[in-house]
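Each remark here refers to the structure printed beneath this line.
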2 protein chains.
Amino acid sequence: MKSTSDADLSADDSAETSTQQIRDAIRDAIVERRLSPGTKLSEGDVGNLFNVSRTLARAALQALSYEGLVSVEKNRGAFVAYPSPDEARQIFAARRLVEPGILREAAARITPSQIQHLRQLLLEEGRLMSERGQTARRAEIKASGDFHLMLAQISGNAIMQRFMEELVARSSLVIALYGQSTVSSCGHTEHGDIVAAIEHDDLDTACRLMVHHISHIEADLDLRERKSFGLKEAFAI
Amino acid sequence: MKSTSDADLSADDSAETSTQQIRDAIRDAIVERRLSPGTKLSEGDVGNLFNVSRTLARAALQALSYEGLVSVEKNRGAFVAYPSPDEARQIFAARRLVEPGILREAAARITPSQIQHLRQLLLEEGRLMSERGQTARRAEIKASGDFHLMLAQISGNAIMQRFMEELVARSSLVIALYGQSTVSSCGHTEHGDIVAAIEHDDLDTACRLMVHHISHIEADLDLRERKSFGLKEAFAI
DNA sequence: ATGCAGATAATCGTATACAATTTGACCCAC
DNA sequence: GTGGGTCAAATTGTATACGATTATCTGCAT
């Protein structure tokens, strides 16, 4: 799957504008956890980094704020989003709400070649899981999300696809913040089970597995409210 | 319900920035069909209209493009979105996919006072339906959408609420384009039926009614592909 | 030392300026 | 009259400029 999210559906002027490139670059950095929640993203710095003016940097940050990955505070600047536990719960609730429906749509339209593609994704995911090192970890995070995005793409509904892209990206942010164990190590086998259920045309099972899978990811988080814990974290980070 | 969509949840600096005001004003104009699909929204004109520079006008248009209400074409400018029949189908498919889930969540959390509020909305809707004139028609369009938005709000999931706001707004655009009869005249009684089912704790019926309701709205559209009809329309508009 | 007031620096908000691109008009050749 | 080509007007893309706000530092009074 391409790294840029909407490259397939937006048939605009072939060349992506620099604002979009910057947006995508920062988004990738956030999703792959090279940028931690709360990190300040000043317009000047972003502009310098990508050799553009503040105008374009600002536009990119604005775009990311619409996706919920960046929060801009008036007169204070933009920061990598720091989703609250409540927000995290809402993200997973939203996924439980939409993903079964997406799965049903996808299963109804899936072609053998797409199943093949899904299996390939699982293989890649498994390979990355056994590898060591930061780079592999980042790739694993992305691959794990790509499974869900692929289903959304197969469903054929561009609107739901875009929404899923937002939800998956924000999930990554939440896991970075509240995740306890290493990245959903259980996730991979669960993905495989879902594909198997799809192949057996057992949609009800597939949906049930999907809901459980999402709940498992959420269950691996520590979403307790840390009241004045912020200070310590400021040192830790 | 407040007219500005996210006034309740964004607890930012109390005062809305002028960009947001412009965005909301244009969005309202689109949703209430004072701006037709395809209308050009040049940055200069928008800026002059609201007495701000192109910078802010551009930001507002950019924001609307993320919501799917405006399409910006590189080096050509911004236009009120002109959703294709396929896009229209995807919008309603998305609504069928998410609204039952939202309804279930809402029903689980709804309070008597909120039911009261819903009924009040229905009353208002009925009143507007019997009135004559453009103003009433516009208000009816908004009220009809507010019913669905209210359910999303009651569901307590801000993410789904925002998504529904986008879907409802885009639906209005689609109806403006492809609607045949007057605004969903059947809609009002269907809304009432859904509320009744909620009150009777008959969730399955409520969801079924909701799906049918959405399909009814879609069925009232003429989504046949008009191939080279665009030219004639250019004259009609 | 602590706390507050003013100055200083850094950053954001908005407007304006200039380059690049598109659009439409006009003219000419055919 | 049609087709093509050049130029001018309008509009967008991007950078820069300047005022406004916030954050940081300094120094003085307590």
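The values are calculated or read from the model by the stated rules, or taken from the named source; none is laboratory data. Owing to the predicted nature of the structure, the values given are computational and were not obtained by experimental measurement. So basically every Cβ, Gly included, is an ideal-geometry build from the backbone, and we count neighbours across all protein chains shown.
Just give me the residues in region A:116-148 being over 22 Å from residue A:28 (Cβ atoms) and either among the small types (Gly, Ala, Ser) or within 14 Å of chain B (Cβ to nearest Cβ) (or both), in sequence order.
A:126, A:130
Any residue at all in region B:81-94 that is out of contact with any Ser or Thr (no Cβ under 9 Å at 6 or more places or on another chain), of a type in the set (Asp, Glu) and either away from DNA strand D (no atom under 16 Å from the Cβ) or at pLDDT below 95 (or both)?
Scanning region B:81-94, I find at least one residue that is out of contact with any Ser or Thr (no Cβ under 9 Å at 6 or more places or on another chain), of a type in the set (Asp, Glu) and either away from DNA strand D (no atom under 16 Å from the Cβ) or at pLDDT below 95 (or both), so the answer is yes.
Just to be sure before I move on: is residue A:66 hydroxyl-bearing (Ser, Thr, Tyr) and either within 16 Å of DNA strand D (Cβ to nearest atom) or more than 18 Å from residue B:162 (Cβ to Cβ) (or both) in the structure I sent?
no
Any residue at all in region A:72-79 that is modelled with pLDDT of 95 or more, within 16 Å of DNA strand D (Cβ to nearest atom) and aromatic (Phe, Trp, Tyr)?
yes
If residue B:49 meets every condition in (1) aliphatic (A, V, I, L, M); (2) within 16 Å of DNA strand D (Cβ to nearest atom); (3) surrounded by 15 or more Cβ atoms within 10 Å (Cβ to Cβ) apart from one, which number is that one?
Of everything listed in (1) aliphatic (A, V, I, L, M); (2) within 16 Å of DNA strand D (Cβ to nearest atom); (3) surrounded by 15 or more Cβ atoms within 10 Å (Cβ to Cβ), residue B:49 misses just condition (3).
Can you pull out the residues in region A:153-173 that are away from every other protein chain (no Cβ under 11 Å) and either over 16 Å from residue A:88 (Cα atoms) or touching a strand residue (DSSP E or B) at 6+ places or on another chain (Cβ under 7 Å) (or both)?
Residues satisfying the conditions are A:153, A:154.
Looking only at region B:61-115, which residues are at positive phi, within 9 Å of chain A (Cβ to nearest Cβ) and touching a helix residue (DSSP H, G or I) at 6+ places or on another chain (Cβ under 9 Å)?
Of region B:61-115, the ones at positive phi are B:68, B:75, B:77.
Retained after the next criterion (residues that are within 9 Å of chain A (Cβ to nearest Cβ)): B:68, B:75.
Answer for region B:61-115, where residues must be at positive phi, within 9 Å of chain A (Cβ to nearest Cβ) and touching a helix residue (DSSP H, G or I) at 6+ places or on another chain (Cβ under 9 Å): just B:68.
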